[in-house]
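Sharing a structure below in structure tokens format, with a few things to ask.
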Amino acid sequence: MDSRRVLIDGIAFENSGQKGVQRYYLEMLRRLPEDLSCTIFFNQPSKASLPQKADLIYRTEKFPVSRQNIWGRARRKFKTLFHSTRLPKAAVFHSTFFTRSPVPGLPEVVTVHDMIAECHPDLFPADLEPHVIQKKECILNATAIIAISEATRNDLVRTYPEVSSRVTVIHHGADHLQDFGVAAEKAGDESPYVLFVGDRAGYKNFATVLAAVAEQDWPRRLNLKVVGAQFSESEHQVLRQLRVESKVIHAGRVSDAELKGLYQSALAFIFPSLCEGFGFPLLEAQHMGVPVIASDIPAFREIGGDSVVFFKPRDPASLVSAITRFLEAGEREHFTALGRQNVRRFTWENCAQQTAEIFRAAAIGGS
């Protein structure tokens, strides 16, 4: 057994989604102390950026490449020329997506990003149950469990009380945002707007934001700008029914540089989720110098504290009231300054160092 090596599955890197989870592993693993090394193994070709210091293994016998897929077969062959295909000896296994160790008896560490599916099953489709069962097995068998917030830890322990002594809270970092790119230039005649970024379905609570735009007290010249996937037909229908089509501007999917410009030119950033495990966009917005309006939920209270203006998650009028605060003299500047101070609490160096301690302790305790 290599007492310094962490074996990691690459599932989180094998898809084009899960950007926040990919960011977590990329930034944390690239900062692991020099006394630890990591090996990431893949059953599918990776589709995301990988930490440069990690050793990579492509288990080519797992790659489902057909005989007709010439490019896929060539790519698989290329991988095997430069990377090992055999799992090395290691001290601990860390799953990126609730899988068990491929090596029997190896101590297992798992990071839990949220417990939303378990605590709010009404917000998810029924076919998610197999994932919940798989996640439960991974959690119950873990030597050590990392929760990314106290809010997530509390949900986890309420759901599985027997693991309480094995859970440690380690916050994400946010200092990668300093490399966010060059800001886009703001158009001089553009109307003021508040910004919404990301997914809109289910617990993301976008419906409350649209209802707020339709409120009589919504500021007359203020628009809502939305970054993300194209509006669905049902969303267009809601816009028409609420008669807010002229006030809601869809910006589409944008580059990091364009997003930075949208953040910096916004009156405020709105984060209306009904539940979250952490909340990267909250810190992202504060790092870009825009004040944050967020739903009053435990994770956002923990991450944002007094630097955020909170509203009742299902109350459009409460959201409108929060927005109007930033129309008052000095309020926007005050919360912008508090946000810049708050975001300094979250560094990837701290995250990596604390995670390394978990790996070392799990390796000793598990062995």
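Taking every alpha carbon pair in region 127-282, what does the distance histogram look like in 10 angstrom bins from 0, in percent?
9, 30, 28, 21, 11, 2
Round to the nearest 10 and report in Å² the accessible area of VAL248, as given by a 1.4 Å probe over the protein chains' heavy atoms.
About 10 Å², rounded to the nearest 10.
Go ahead and run the numbers for FRET between LYS47 and THR168, Cβ-Cβ distance against an R0 of 45 Å, rounding to 0.05.
According to the calculation, E is roughly 0.90.
When a/c reaches 1.5 or more, the comparison of a/b and b/c decides; with that in mind, is region 1-47 rounded, prolate or oblate per its Cα gyration tensor?
oblate
Another one. Roughly what would the spin-label model give for GLU233 and ASN15, points 7 Å off Cα along C-beta, in nm?
2.6 nm
For ARG325 and ARG301 in one chain, what is 0.36 nm times their gap in residues minus the Cα-Cα distance, to one decimal in nm?
Difference between extended and current length: 6.8 nm.
What does the convex hull of the alpha-carbon atoms of region 258-304 project to on average, in nm²?
It is 3.0 nm².
Pairwise over distinct Cα atoms, reciprocal of the mean inverse distance: report the Kirkwood radius of the chain in Å, one decimal place.
With all distinct Cα pairs of the chain included, I get 22.3 Å.
Past 30 Å, Cα to Cα, is the threshold; run LYS89/LYS204; LYS19/LYS53; LYS136/LYS260; LYS53/LYS225; LYS47/LYS247 against it and keep the listed order.
LYS89/LYS204; LYS136/LYS260; LYS53/LYS225; LYS47/LYS247
ALA361 to GLU190: extension gain in nm, 0.36 nm per residue of separation minus the Cα-Cα distance?
56.1 nm
Along the Cα→Cβ direction, 7 angstrom out, place labels at LYS312 and THR159. What is the inter-label distance in nm?
Modelled inter-label distance: 2.8 nm.
For region 96-143, what class follows from the C-alpha gyration tensor (a ≥ b ≥ c being the square roots of its eigenvalues): rounded when a/c is under 1.5, otherwise prolate if a/b is larger than b/c, else oblate?
prolate
With a 1.4 Å probe and all protein chains in place, put LYS225, LYS19 in order of accessible area, largest first.
Sorted descending by solvent-accessible area, the residues read LYS19, LYS225.
Answer rounded, prolate or oblate for region 226-273, using the Cα gyration tensor with square roots of eigenvalues a ≥ b ≥ c: rounded when a/c is under 1.5, else prolate when a/b is larger than b/c, else oblate.
prolate
The values are calculated or read from the model by the stated rules, or taken from the named source; none is laboratory data. The structure displayed is predicted, hence computed values, not measured ones. Quick reminder, even Gly has a Cβ in these numbers, built from the backbone with ideal geometry, and neighbours come from all protein chains shown. What goes into the accessible areas is simple: the full protein's heavy atoms, side chains included, and nothing from ligands, DNA or RNA. Shrake-Rupley method; radii C 1.70, N 1.55, O 1.52, S 1.80 Å.
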